[in-house]
Amino acid sequence: MAKAKVTHFGDSYPPKEEDSKIDVYVTNKPTQEYTEFAQITCGDTNDQWSLEQITRKAREIGADGIIIIGKVGSSGVGVPIGTSTYVVNEEYGMTAVEIRYK
């Protein structure tokens, strides 16, 4: 199982309590003002595991919420059929931007 990796590009904040709520945004952004300060990725094929690892790491770095921005990578296999190649591609993992409310 993959672990989350953090890339900081802003201020650092104290960690949050282990059971503190982390807001998760997927299709909408927060309505209140916020600052983006880090990106966390988890390259696991299980989306639930990736989300759990990202929210755990978000608490450790003091985030109020995360905005899911996409997948980490993709893998594929090509099968030749006559003069063509049939390609199956699958995306995996999760990438999120960590935010602090102003």
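Structure notes:
- Exceeding the 23 Å Cα-Cα cut-off - candidates Lys71/Lys102; Lys21/Lys102; Lys5/Lys102: Lys71/Lys102; Lys5/Lys102
- Angle in degrees between helix 47-60 and the longest Cα principal axis of the chain, rounded to the nearest 10: 30
- Normalised contact order of the chain, rounded percent, pairs of Cα under 8 Å and 6 or more residues apart: 36
- Largest GNM mean-square fluctuation among Thr45, Thr35, Thr83, using the chain with Cα springs under 10 Å: Thr83.
- Excluding exposed DSSP-loop GluC sites (Glu not before Pro) (at most 16 other C-beta within 10 Å), longest clean stretch of the chain: 34-102
- Charge context of Tyr92, other residues only, Cβ under 12 angstrom, K/R +1, D/E -1: -3
- Karplus-derived HN-Hα couplings along segment 32-37 (A = 6.51, B = -1.76, C = 1.60, θ = phi - 60°), whole Hz, x at Gly and Pro: 8, 5, 8, 10, 8, 9
- Relative to the 2.2 N^0.38 Å rule of thumb, segment 1-45 has a C-alpha radius of gyration ratio of 1.35.
- Counting 0.36 nm for each residue step from Thr31 to Lys16 and taking away their Cα separation leaves a gain of 3.2 nm.
- Among Gly62, Gly82, Gly43, the largest mean-square fluctuation in a Gaussian network model of the chain (Cα springs under 10 Å) belongs to Gly82.
- Within the listed set Pro30, Pro15, Pro80, the Gaussian network model of the chain (springs between alpha-carbon atoms below 10 Å) gives the highest mean-square fluctuation for Pro80.
- Added length on full extension, which subtracts the Cα-Cα distance from 0.36 nm per residue, Phe9 to Thr85: 23.2 nm
- The chain: mean projected area of Cα convex hull, nm²: 8.0
Just so you know, all these numbers are worked out from the coordinates, no wet-lab data involved. On a predicted model such as this, the values are computed, not experimentally measured, just so you know. Neighbour counts run over all protein chains shown; Cβ positions are idealised from the backbone, glycine included.
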